[in-house]
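Can you keep this structure in mind? I'll have questions shortly.
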Amino acid sequence: MDTPLLLWGFIERARRLYPERTVVSRTRTGTDRVTYAELAHRSKRLAAALRSLGIEGGDRVATFAWNHHRHLEAYTAIPGMGAVCHTLNVRLFADQLAYIVRHAEDRVVLIDAELVDMWLPFADRVPSVEAYVVMGEGGEALRETGLPVHDYEELLAGADPIGEWPTFPESRAAFMCYTSGTTGDPKGVVHSHRAMYLHTLVHGLTDVHGIREADVVMPIVPMFHANAWGIPLSATMVGASMVLPGPAPSPSDIVHLMREEEVTFAAAVPTVWQGVLEVATPDDLRSLRRIGCGGSAVPPAMISAYEERFGVPIQQGYGMTETGPLASRAHVKSHLERTLPPPELLELRASQGLLVPGLDMRVVDHAGAEVPWDGRTPGEIRLRGPWIASGYYGEEPFPDGWLHTGDVAVVHPEGYIRIVDRTKDLVKSGGEWISSVELENTIMAHPDVAEAAVVGVPHPRWQERPVAFVVARPGAALSEEGVLDHLRPRVARWWLPDRVEFVSEIPKTSVGKFDKKTLRARLS
């Protein structure tokens, strides 16, 4: 009973029980394939190589990379040897990345060759870095930093694999991620072996992701974002084949991989699935049995489109970097599946779902009192549990032991969470709250709308009023009045946007969410 929960147990299980299952990585020129047996051996070589570079238990090793088998080897080797795998978001700005690397005190950086040019502008501002390991061909420009630069494959070839994985306390840090820093400096979140082990076990439950050995799993969500939602660990744990989509995959790249590799489960943010919807045919997605979606609210119209065109259900979830990230999944209870009419079932599927086992949740008003689960009364979600962060790296623990998420939600009497907004994105008009999320989803239900984002702008009488930014589908003749006519029978009159701005695209944050800070700046 006292055996520590250590993450290297997942790759060891896959090596012993499913040695021939494959991990496929898309490259710019084709695909690479390795088996779990090969991946386990290479991970032990990587651990030995990192030791030769001076990495010890507790040291931070950064990855600056897309989704591919070498990144998966880092996911295994770095925590497996007792160090901390710190995934750096390649979509952040140079100043943010420099701050994060300094704050985390990363000692070694594993970097994709094609990302070296993104690194060079701040390479002289990260004094803790002692060496680089370049994955892929290229990266010579890093030598100008004066630090040792190693080729990943040469480094592995020259290292004798470690024998047994070491044993250490399960409380030791395994992964480190930083928030995107949309309202200030990014903050570090550290997850222990125990936290991620338990997160992975719950992740695999039938009513959560339900990943199984027979699946071919494609985490489209980047491995540099919240550990790719934990999907690579779950797939490894059960011995499922994996398809890693490589550098900056387009919707066409994703569809091609799904068809050729017969993917059965894939996960990504809604903007990715919107792009796939535009280019996929039913034959392309014939093997897909379920879609995982999160990061922002999934429009009900998208859920319906995937079910009607492809017969594939979208299962929405909710979480954040601080929650590991899994917190809830939109599984429909069996008695509701039997008794509710289709519109109400769609409403549940479009919710953020039910809290997963192992976590506690409070939904509270401004005074900290819990609100009723009546599907109407909003409150802020607060969470605690074995994989919920207790504080940010280098800062004091959260004062009351609960993570204050900043997400405002209502809870259905059956326990279904429905996010109505971020506290900072609610529009307060005339003393009443307008949910930007609900308004966006209603606009995106219009057949000629591809995307929509709503922000509040100051108003001399009403305090704030909503403005909608809309991307029309190609060839659509959509007007402001057409959008408002669509909304009038569906929302309260005072929810109608004061104006509709048509744009070619809506700016996104580094994790694919609508960048409302940029939209507000356009209106100031």
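The values are calculated or read from the model by the stated rules, or taken from the named source; none is laboratory data. Every value quoted in this text rests on a predicted model; they were computed, and no experiment measured them. Here the Cβ positions follow ideal geometry from the backbone for every residue, glycine too, while neighbour counts run over all protein chains shown.
Report yes if GLU344 is surrounded by fewer than 16 Cβ atoms within 10 Å (Cβ to Cβ), within 21 Å of MET218 (Cβ to Cβ) and either out of contact with any Phe, Trp or Tyr (no Cβ under 7 Å at 6 or more places or on another chain) or of a type outside the set (Val, Ile, Thr) (or both), otherwise no. Walk me through how you get there before you give the answer.
On the way: surrounded by fewer than 16 Cβ atoms within 10 Å (Cβ to Cβ): yes; within 21 Å of MET218 (Cβ to Cβ): no; either out of contact with any Phe, Trp or Tyr (no Cβ under 7 Å at 6 or more places or on another chain) or of a type outside the set (Val, Ile, Thr) (or both): yes.
In short, no.
Restricting to the range 265-300, count the residues that are hydroxyl-bearing (Ser, Thr, Tyr) and more than 19 Å from the chain's Cα centre (by Cα). Step through it out loud before you land on a result.
In the first step, residues of the range 265-300 are kept if they are hydroxyl-bearing (Ser, Thr, Tyr); the result is 271, 281, 287, 296.
Then drop every residue that is not more than 19 Å from the chain's Cα centre (by Cα), which leaves 281, 287.
Total satisfying the criteria: 2.
So, ALA301, is that one of a type outside the set (D, E, K, R) and assigned to a helix (DSSP H, G or I) or not? Please lay out each step first, then the result.
Values: of a type outside the set (D, E, K, R): yes; assigned to a helix (DSSP H, G or I): yes.
Yes; evaluated as a whole, the condition is true for this residue.
May I ask you to say which residue of PRO247, PRO251, PRO222, PRO270 is over 23 Å from GLN316 (Cβ atoms) and of a type outside the set (Gly, Ala, Ser)?
PRO247
Pick out the one residue from ALA476, ALA468, ALA450, ALA409 that is modelled with pLDDT of 90 or more, part of a strand (DSSP E or B), surrounded by fewer than 21 Cβ atoms within 10 Å (Cβ to Cβ) and not charged (D, E, K, R).
So the residue among ALA476, ALA468, ALA450, ALA409 that is modelled with pLDDT of 90 or more, part of a strand (DSSP E or B), surrounded by fewer than 21 Cβ atoms within 10 Å (Cβ to Cβ) and not charged (D, E, K, R) is ALA450.
Looking at this structure, is THR29 touching a Ser or Thr at 6+ places or on another chain (Cβ under 9 Å) and of a type in the set (S, T, N, Q)?
Values: touching a Ser or Thr at 6+ places or on another chain (Cβ under 9 Å): no; of a type in the set (S, T, N, Q): yes.
Against the criterion (touching a Ser or Thr at 6+ places or on another chain (Cβ under 9 Å) and of a type in the set (S, T, N, Q)), THR29 does not qualify.
Among the strands (runs of 3 or more DSSP E) lying completely within the range 29-134, list those that include at least 2 residues that are modelled with pLDDT of 95 or more and surrounded by 22 or more Cβ atoms within 10 Å (Cβ to Cβ).
In the range 29-134, 60-64, 84-87, 108-112 are the strands (runs of 3 or more DSSP E) which contain 2 or more residues that are modelled with pLDDT of 95 or more and surrounded by 22 or more Cβ atoms within 10 Å (Cβ to Cβ).
Step by step: first the residues of the range 479-505, then only those that are surrounded by fewer than 17 Cβ atoms within 10 Å (Cβ to Cβ) and aliphatic (A, V, I, L, M), then the one that is farthest from VAL437 (Cα to Cα). Which residue is that?
VAL503
So, one more: Quick one: which residue in VAL363, VAL356 is among the β-branched types (Val, Ile, Thr) and over 19 Å from the mean Cα position of the chain (by Cα)?
VAL363
Another question, if that's okay. Find all pairs meeting these conditions: Cβ atoms under 6 angstrom apart; at least six residues apart or on different chains; first residue within the range 322-339 and free of Cβ contacts under 8 Å to residues at least 60 places away in the same chain; second residue outside any strand (DSSP E or B) and not aromatic (Phe, Trp, Tyr).
Partner pairs satisfying both residue conditions: VAL332/LEU348.
Ok, one more. Filter the range 159-193 down to the residues that are modelled with pLDDT of 95 or more and among the acidic types (Asp, Glu), then identify the one that is nearest to the chain's Cα centre (by Cα).
GLU170
Condition first: touching a helix residue (DSSP H, G or I) at 6+ places or on another chain (Cβ under 8 Å), surrounded by fewer than 24 Cβ atoms within 10 Å (Cβ to Cβ) and under 26 Å from ILE100 (Cα atoms). Can you find one or more residues in the range 219-228 that meet it?
Looking through the range 219-228, at least one residue is touching a helix residue (DSSP H, G or I) at 6+ places or on another chain (Cβ under 8 Å), surrounded by fewer than 24 Cβ atoms within 10 Å (Cβ to Cβ) and under 26 Å from ILE100 (Cα atoms).
Report, ordered by the first and then the second residue, all pairs with beta carbons closer than 7 Å, sequence separation of six or more or different chains, a first member in the range 79-91 that is under 16 Å from ALA248 (Cβ atoms) and in the same structural domain as PHE168 (by TED's automatic domain parsing), and a second member that is among the hydrophobic types (A, V, I, L, M, F, W, C) and part of a loop (DSSP other than H, G, I, E, B).
From the range 79-91, the pairs are LEU88/PHE224; ASN89/PHE224; VAL90/PHE224.
Could you check the range 374-406 and list, in sequence order, the residues that are farther than 30 Å from HIS103 by Cβ and surrounded by fewer than 17 Cβ atoms within 10 Å (Cβ to Cβ)?
First pass over the range 374-406, keeping only residues farther than 30 Å from HIS103 by Cβ: 374-379.
If the condition is that a residue be farther than 30 Å from HIS103 by Cβ and surrounded by fewer than 17 Cβ atoms within 10 Å (Cβ to Cβ), then ASP374, GLY375, ARG376, THR377 are the ones that fit.
Looking at ARG28, is it over 18 Å from PRO161 (Cβ atoms), of a type in the set (D, E, K, R) and not assigned by TED's automatic domain parsing to the domain that holds LEU233?
Taking the combined requirement at face value, the residue satisfies it.
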